[in-house]
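Structure first, commentary second.
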Amino acid sequence: AQSVAQPEDQVNVAEGNPLTVKCTYSVSGNPYLFWYVQYPNRGLQFLLKYITGDNLVKGSYGFEAEFNKSQTSFHLKKPSALVSDSALYFCAVSRGGGNKLTFGGGTRVLVKP
Amino acid sequence: DTGVSQDPRHKITKRGQNVTFRCDPISEHNRLYWYRQTLGQGPEFLTYFQNEAQLEKSRLLSDRFSAERPKGSFSTLEIQRTEQGDSAMYLCASSLEDHYGYTFGSGTRLTVV
C-alpha cells in the first residue's frame, strides 16, 4: 500500500517570505513523487515531480522540492511567496510510471500581502 | 490537442437519479484514471484503464458506480441511484504507460439534492 501525509491543514505566510509545505510518504520500492496545485473549482495543475537523480527538483512558478529518502519526505518550497500562490497544494506518490497516484489530504496556503 | 476534457462541468441531480460523466483524454494517452474529491480533501483513486481494459478498481467504487472506456479513447463514469454522499468533484486524468506525466481535467462537480 502507498500513502501520503501532509501534516499541516493550512500554512500562512507573508508575501515575500519563504514558503514550505510539508509532505511525507510511504511506498514499497522506489517512490515517484509529485506536487500539484489546485485553485477554486479547478482541476489539478502539475508543479513538479521527482523520479530519480538530483534530490532537489525545480518546477513551475519558482517552486522546488527536496527529496529526502531517509526521512521519506518531499517538502515543497518557494523562496519568496506571492499572494497569487494562495491555493490548495497536494503531494502525491506513485509506484511507477503510468500507475495510479495516491494523494495527501492537501495543505491550504494563504499568502498575506 | 487541448488536454483532458470533462463534461459536464457541473451536474445537479435529485437523489435516486442516475448520472453519467464523460472524459476525453489526451489522444495519445493509453491510460485513463478517475478520481473523486470531496470538499477540502485530496483526490481519491476510483479506477483506471489501459486502453479499453479496466485494470484496477478501488473498494470506493461501489456496485452503483460503473466506468467504461469502450474504444480505448473517451471514458464514461455512471452513478446509479445517486445518494447525497456522492456529491463531490469527479476528476479524470490521462497518461502514457510507463510515463510520469499525468494530465488532469477540470473535473465534473456533482451535487445530489
Stretched out fully, how many nm does the piece from B:LYS57 to B:ARG15 gain, at 0.36 nm a residue minus the Cα gap?
12.7 nm
Long-range alpha-carbon pairs in the protein assembly as shown, meaning those over 22 Å apart, account in percent for 51 percent
Within 10 Å, count the other beta carbons around each residue, average over each peptide in B:26-37, B:72-83, and list them highest first.
B:26-37, B:72-83
Taking the convex hull of the alpha carbon atoms in chain B, what volume per residue do you get, in Å³?
97 Å³
Give the relative contact order (percent, whole number) for the range A:20-98; include only Cα pairs under 8 Å separated by 6+ residues.
41 percent
With viscosity set to 0.692 mPa s and temperature to 37 °C, compute the Stokes-Einstein D of the range A:3-112, Rh being the Kirkwood radius across alpha carbon pairs; µm²/s, no decimals.
237 µm²/s
If you take the Cα atoms of the range A:53-98, find Rg, then find the Kirkwood Rh from the mean of 1/r over all pairs, what is Rg/Rh?
0.99
How far is the Cα center of the range A:60-112 from the Cα center of the range B:53-83, in Å?
29 Å
At most 11 other Cβ atoms within 10 Å and a DSSP loop assignment: could you name the trypsin sites (Lys or Arg not before Pro) in the range A:1-82 that fit?
A:LYS69
Please compute the modelled spin-label separation between B:GLN50 and B:SER73, points set 7 Å along Cα→Cβ, answer in nm with one decimal.
2.3 nm
Anything over 30 Å Cα to Cα? Flag those among A:LYS22/B:LYS11; A:LYS49/B:LYS11; A:LYS78/A:LYS100; A:LYS58/B:LYS57, in the order listed.
A:LYS22/B:LYS11; A:LYS49/B:LYS11; A:LYS58/B:LYS57
Obtain the nm distance between the two label points defined at B:GLN80 and B:GLN41 by a simple spin-label model: each point lies 7 Å from its Cα along the Cα-to-C-beta direction.
2.4 nm
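Taken together, the values in this text are just the output of simple stated rules run on the coordinates, not laboratory data. Predicted, not measured: the structure shown is a model, and the values here were computed from it. Note that we place each Cβ from the backbone using ideal geometry, even for glycine, and neighbour counts take in every protein chain shown.
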